[in-house]
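Visitor: Pasting in a structure now, in structure tokens, and then I'll have a few things to ask.
Every read-out reported here was derived from the displayed coordinates using simple, explicitly stated rules and does not represent laboratory data. This one's a predicted model, so the numbers in the text were calculated from it and none came from an experiment. Counting neighbours? That spans all protein chains shown, and the Cβs are built from the backbone with ideal geometry, glycine included.
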């Protein structure tokens, strides 16, 4: 399961109820901050997430409303927090802008915090025994824009009843079968993994897209996702304006969700000119299982398309 907490859901500039773009994905011991708009460190504190293990930041692109908060976070870490190292991942243009920002925030020759920069391209960025993180290109204004896909690896459940019926003892013998190894019992019988493992169960898939000017190249990345996060800056009545500024309408994002057969659509990056209910209505006319994210919302994304929203009551919002 993945957990997704929204820290900022406004487009371009903050509103009374929405901060600038930022979200956190949590999985096991990992915490990934996606984008870091101005004010993100305060949102982290208000959300209760704090700064613990906040050492890996993924950037969708280098526009200021997605990166300006990095200077403040780095300065705080360098002065007060027990975080000595931070990784920042993004396209080359985004990283160049962040490095210049850090020179302003920390000084050109003073580095109280070790910052490692990793250039992103369309590849697997990280993998362990249970999940894979990869990046894919997104078309927006400027070069080096990326989305991120978090995918749990498929697994075969261990069938305890079958193992007990075959006389497989608890302990390392069962772990060997889970690893795909055969087991010879004391009486000479051979137990194979297929004897005690169930059918393959796919893991959860969370796809996160930042700002985008088109969905044409996103279908493959979004295909079959349990949850797709993507912008909805404009409404369909402003489609020409959306194209001029390199953004999407709520309807365009919903059409992507429908065509890519995702299970749930989560919209973010809302303009201050629209009410949440307008954005939701437009998207749901195309794709029913749509949410409009609010600051501090927590989504739990589990395999099989089970997406649960835990709505925060931290602040009153207009609907």
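Visitor: Could you calculate the contour length gain from residue 128 to residue 16, that is, 0.36 nm times the residue separation minus the distance between their Cα atoms, to one decimal place in nm?
Guide: Answer, rounded to one decimal: 36.3 nm.
Visitor: Moving to a separate point now. As a footprinting exposure proxy, order 67, 83, 88 by other Cβ within 10 Å, with the fewest listed first.
Guide: 83, 88, 67
Visitor: If packing is taken as the average number of other Cβ atoms within 10 Å across a peptide's residues, how do 217-225, 265-273, 167-175 rank, most packed first?
Guide: Order by mean packing, descending: 265-273, 217-225, 167-175.
Visitor: With labels modelled as points extended 7 Å from the Cα through the Cβ direction, what inter-label distance (nm, one decimal) is found for residue 103 paired with residue 182?
Guide: 6.4
Visitor: If the chain between residue 201 and residue 42 were fully stretched, how many nm would it gain, using 0.36 nm times the residue separation less the Cα-Cα distance?
Guide: 53.3 nm
Visitor: Another one. Take peptides 48-55, 181-188, 148-155, 14-21 and line them up by average Cβ neighbours within 10 Å, highest first, as a rough protection proxy.
Guide: 14-21, 148-155, 48-55, 181-188
Visitor: GNM, the chain, Cα, under 10 Å: largest mean-square fluctuation among 134, 65, 244?
Guide: Most flexible of the set in this elastic network: 244.
Visitor: From the helices alone, meaning DSSP H stretches of at least four residues, give me the mean residue ellipticity at 222 nm for the chain, per-run term -39500 (n - 2.57), in deg cm²/dmol to the nearest 500.
Guide: Taken over the chain, the calculation gives -7000 deg cm²/dmol.
Visitor: Next question, about the same structure. Find the centroid of the Cα atoms in the range 24-56 and in the range 234-257, then give the distance between the two in whole Å.
Guide: The distance from the Cα centre of the range 24-56 to that of the range 234-257 comes to 29 Å.
Visitor: Taking 8 Å as the Cα distance limit and 6 or more residues as the minimum spacing, I'd like the relative contact order of the range 186-302 as a percentage.
Guide: Computed value for the range 186-302: 25 percent relative contact order.
Visitor: Additional query: Can you sort 245, 77 by how many other beta carbons sit within 10 Å, fewest first?
Guide: The fewest-first ordering by Cβ neighbours comes to 245, 77.
Visitor: Continuing with this model, one more query. Would you look at the GNM of the chain, springs on alpha carbons closer than 10 Å, and say which of 178, 190, 98 moves the most?
Guide: 190
Visitor: Looking at [x] -0.51, -1.18; [y] -0.32, -1.26; [z] -0.37, -1.35, which value of log10 I(q)/I(0) by the Debye sum over Cα atoms at q = 0.07, 0.16 Å⁻¹ comes from a calculation on the structure shown?
Guide: [y]
Visitor: Going 7 Å from the Cα of residue 154 toward and past its Cβ, which residues in the range 224-249 have a backbone nitrogen under 19 Å from where you end up?
Guide: Residues 224-227 fall inside that zone.
Visitor: Further, regarding this structure: Based on the alpha-carbon gyration tensor of the range 1-97 and its eigenvalue square roots a ≥ b ≥ c, which shape applies: rounded if a/c is under 1.5, prolate if not and a/b is larger than b/c, or oblate?
Guide: It is rounded, given that a/c, with a ≥ b ≥ c, falls under 1.5.
Visitor: Going by alpha carbons, how many degrees (0 to 90, nearest 10) lie between the helix axis of 69-79 and the longest principal axis of the chain?
Guide: Approximately 70 degrees, to the nearest ten.
Visitor: Hey, what did the range 48-166 get for relative contact order, percent, Cα under 8 Å, at least 6 apart?
Guide: 23
Visitor: Another question, then. Using the count of nearby Cβ atoms within 10 Å as a rough guide to exposure, how do 234, 30 rank from fewest to most?
Guide: Going from least to most buried by this count: 30, 234.
Visitor: What percent does the relative contact order of the chain come to when contacts are Cα pairs within less than 8 Å and at least six residues apart?
Guide: 16
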